[in-house]
1. Taking 0.36 nm per intervening residue step and subtracting the Cα-Cα distance, what contour gain separates residue 123 from residue 50 on full extension?
2. Taking the alpha-carbon set of segment 109-149, what are its Rg and Dmax in Å?
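Each reported figure results from applying straightforward, stated rules to the coordinates on display, with no laboratory input. All values reported here derive from a predicted model rather than from experimental measurement.
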Amino acid sequence: MSQSQPMPPQRIGDAERDQAAEFLREHHAQGRLDPAEFDDRITAALSAKWQSDLDRLFFDLPAPTPRGAVAPVPQAKPPASTTIPGLLSDKTRNMMDVLSVAIWPIAIAGMVFLHGRAGLLIFLAIMLTVMWHRRKSQDNAARAKLERDAKQQQDAERRRLEQERRRYQDPNGPWGPLG
C-alpha cells in the first residue's frame, strides 16, 4: 500500500555524544583507530548535532556503535521462584528433599522397634515420597517452560537487534552513502 519513507534526521543530545566518544575511545584502545583519526572522529562526535553525523563516524567500525548500543540482553535465567505463584522456593525444595529422605530411616526404625506393627508409618513414608516427587517434577517442568520462554524471547530480541545493527552498519545504510 504505502512505501516506507526515509526516516527524518534525528537530533542528538549530550548523552549520545558522550556515548559515541566512549565508543571511539574503546575502538582507539583496540587499535582500530590511529591517534590522528581518533582525534578527528572524537572532535566530530563531540560537535555532532544529528544522528547521521555520528553514523558517519562509525560506518567502518564494528560494534559497539551508537546505533548498536542497546542494553545487552541478559542471559536466559529462570525468574526467582519466590516471585512466581505456584513455584516452590529453593528453601522449600531443599527442606522437602531432606524430609523425603529422612522419613525412611524413621519408618524402618519404627518397623524394627514396633516389631512390624508400623504399617501406617511405612504407608505415610510411601505417600509423602510419592507426593513430593510428583510435585517436584511438576515444579521442574514449570521452571523448564519458563526458561524456554525466556530463551525464546531473548533469541527473538537478539535477532531483532542484530538486524537493526546490520541495517545501520551498512555503508549504504538508510541514508545512502556516507562518504
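1. Values: separation 73, 0.36 × 73 = 26.28 nm, distance 7.56 nm.
Difference between extended and current length: 18.7 nm.
2. Using the Cα atoms of segment 109-149, the pair Rg, Dmax is 16.6, 53 Å.
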